Amino acid sequence: MPEWIKEHKNNVGEKEVLNDVKILNGKYNYTAFYTDKVCGGKYENDVFTPEIDDTAHLLELRVFNAEREFKAARTQIGKNFSWRTAEEAGIDKELYISETQLLDIDRKKSCSKSNNGITVFAATGGGRYSLPAEPDCDSIEIINYIKYDDYGNMQFADFRIKRFFKGGTENA
């Protein structure tokens, strides 16, 4: 088991996966990837805001903060989930790197913020997605976990979302 994975579980049903998130304590954000949409929100005190109510079409769920991430994923609808928690605490700094990526945002189209801290962004391709971020947010910080094969070649083995923030540049 890689050092960054602190807990994991396989063969988790649709109803059970949201219950398993309760291993997390504190304030978290989440992103949910469905068959037809991407949305995000907040997770605190065992409550998702907005509520995740369509686990039948959920493919991946990432519940994260600056220190830790819970990721549940499955390959297709009707299959069970596998989940893991990942964090950098206690592992060698050579086993991960931080990366900043720009979000796909069309600033000519409006971004709307609801009263629960979730912003709906317009993508350059015309779609919309919601994230637990401020309207001026333009970047995402990713932690990439590294492993080495038998020949010493480096590979990216996993990643987690750390945060959304304002800090990128439009011309990067």
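Coordinate-derived values only; no laboratory data. Please read these numbers as outputs of a predicted model, since none were measured by experiment. Every residue, glycine as well, gets a Cβ built from its backbone with ideal geometry; the counts of neighbours run over all protein chains shown.
Okay, here's what the table says:
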item: In nm, spacing of pseudo-spin labels at K9 and A73 (7 Å Cα→C-beta vector); result: 1.9 nm
item: Chain lengthening between D54 and K93 when straightened (0.36 nm per residue, less Cα-Cα); result: 10.3 nm
item: Listed residues G117, F159, S98: farthest to the positive end of the dipole of region 93-165 (Cβ charges); result: G117
item: Sum of -39500 (n - 2.57) over DSSP H runs of 4+, divided by residues of the chain (222 nm, nearest 500); result: -1000 deg cm²/dmol
item: Spin-label model distance (nm) - N80 vs T124, 7 Å beyond Cα toward Cβ; result: 4.2 nm
item: Entry for semi-axes √(5λ) of the Cα gyration tensor in Å (calculated from the structure that is shown) out of [x] 26, 22, 15; [y] 34, 23, 15; [z] 76, 17, 14; result: [x]
item: Simple label model, 7 Å out from Cα along Cβ direction - K22 to K113, nm; result: 3.3 nm
item: Listed residue (A89, V63, I143) projecting farthest to the positive dipole end of the chain, Cβ model; result: V63
item: Those lysines that a straight Cα-Cα span of less than 23 Å connects to K109, excepting residues fewer than 8 apart in one chain; result: K37, K166
item: Under 24 Å from the Cα of K147 - lysines, other chains or at least 8 residues apart; result: K6, K9, K71, K93, K162
